[in-house]
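K.L.:
If you scroll down you'll find the structure; I have some questions about it.
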Amino acid sequence: MEPGFYENATYAPDRATFPNGCHVCEVEIDPETGEIRLVGYVVVDDVGTVINPLTLKGQVHGGLAQGIGQILMEQVAYDRQSGQLLSASFMDYAMPRADVMCDIAIHENPVPTRTNPLGAKGAGEAGCVGSLPAVMIGIMNALEPLGVRELDMPATSERVWQAIRNAGAST
């Protein structure tokens with residue numbers, strides 16, 4: 001027998017538990033160029049018992065970057081004739097860099113769940129799931145005074161500029 005402790009266990013809760021939270025993103029848009037600048041971002045999440053605050057913040061930051069990238073620049077492109085993926089490498093598929101991001105304030109409001117002994121809820125998707133609507137709503141709120149009522153993702157500078165021009169032409 002080898003020395004050491006070995007343990008196996010399985011826990012199956014009676015029902016699922018879900019994290020929840022609130023994301024708010026402030027954006028500025030240059031109407032002459034369509035450039036979007038993230039000015040501020042605040043997250044308050046309830047992921048239940050926080051086991052490791054540092055890794056939780058890292059997960060949220062990573063999820064935010066993923067969601068922000070999807071809104072602002074990421075686009076899967078295919079060749080219309082062959083169906084060949086054209087954005088198959090990081091040379092062709094844009095992802096956000098540090099200069100795209102802004103200061104992010106992450107806060108926790110932990111309410112332990114009663115469905116598991118740790119009181120923990122999921123946190124892996126929290127940053128990405130909340131960032132998609134928060135950023136797009138921020139963009140649309142900034143564009144509303146200019147007459148823009150709809151905008152397809154990704155919200156590139158070119159698309160934003162064109163939407164502003166089209167809204168101005170229809171008024």
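No lab work stands behind these numbers, since they all come straight from the coordinates. The shown structure was predicted, so the numbers you read here are calculated from the model rather than taken from an experiment. When we count neighbours, we look across all protein chains shown, and the Cβ atoms used for this are built from the backbone with ideal geometry, even at glycine.
K.L.:
What list do you get for 90, 18, 5 if you sort them by fewest beta carbons within 10 Å?
P.N.:
Working: 90 8, 18 11, 5 4.
So the ranking, lowest neighbour count to highest, is 5, 90, 18.
K.L.:
Select from the chain the helices, each a whole stretch of DSSP H, whose alpha-carbon atoms run 27 Å or more along the helix axis and whose Kyte-Doolittle mean is at least -0.5; answer none if there are none.
P.N.:
Qualifying helices, which must be both long enough and hydrophobic enough, are 53-72.
K.L.:
While we're here: Report ³J(HN,Hα) in whole Hz for each residue of the stretch 90-99, in order, from the Karplus equation J = 6.51 cos²θ - 1.76 cosθ + 1.60 where θ = phi - 60°; Gly and Pro get x.
P.N.:
Coupling constants for the stretch 90-99: 6, 6, 10, 10, 6, 9, x, 10, 4, 6 Hz.
K.L.:
Report the charge-dipole magnitude of the stretch 20-145 in Debye, nearest 20, computed about the Cα centre from +1 at each Lys and Arg Cβ and -1 at each Asp and Glu Cβ.
P.N.:
Dipole about the Cα centre, nearest 20: 580 debye.
K.L.:
Measure out, as a whole number of angstrom, how far apart the alpha-carbon centroids of the stretch 125-171 and the stretch 2-41 sit.
P.N.:
23
K.L.:
Can you compute the helix-only [θ] at 222 nm over the chain? Use -39500 (n - 2.57) per DSSP H run of at least 4 residues, normalise by all residues, nearest 500 deg cm²/dmol.
P.N.:
Values: 3 runs with 51 residues, N = 171.
Mean residue ellipticity at 222 nm (helix-derived): -10000 deg cm²/dmol.
K.L.:
Tell me which trypsin sites (Lys or Arg not before Pro) from the stretch 54-138 have a DSSP coil assignment and no more than 13 other beta carbons within 10 Å of their own. Could the numbers behind the result be given before it?
P.N.:
Working: sites: 57, 80, 97, 114, 121; in loops: 80, 97, 114, 121.
Hits after loop and neighbour filter: 80, 97, 114.
K.L.:
Here's something else I'd like to know. For the chain, set up a Gaussian network in which alpha carbons nearer than 10 Å are linked by springs, and say which option among 78, 11, 41 fluctuates the most.
P.N.:
Taking springs between Cα atoms under 10 Å, the residue moving most is 11.
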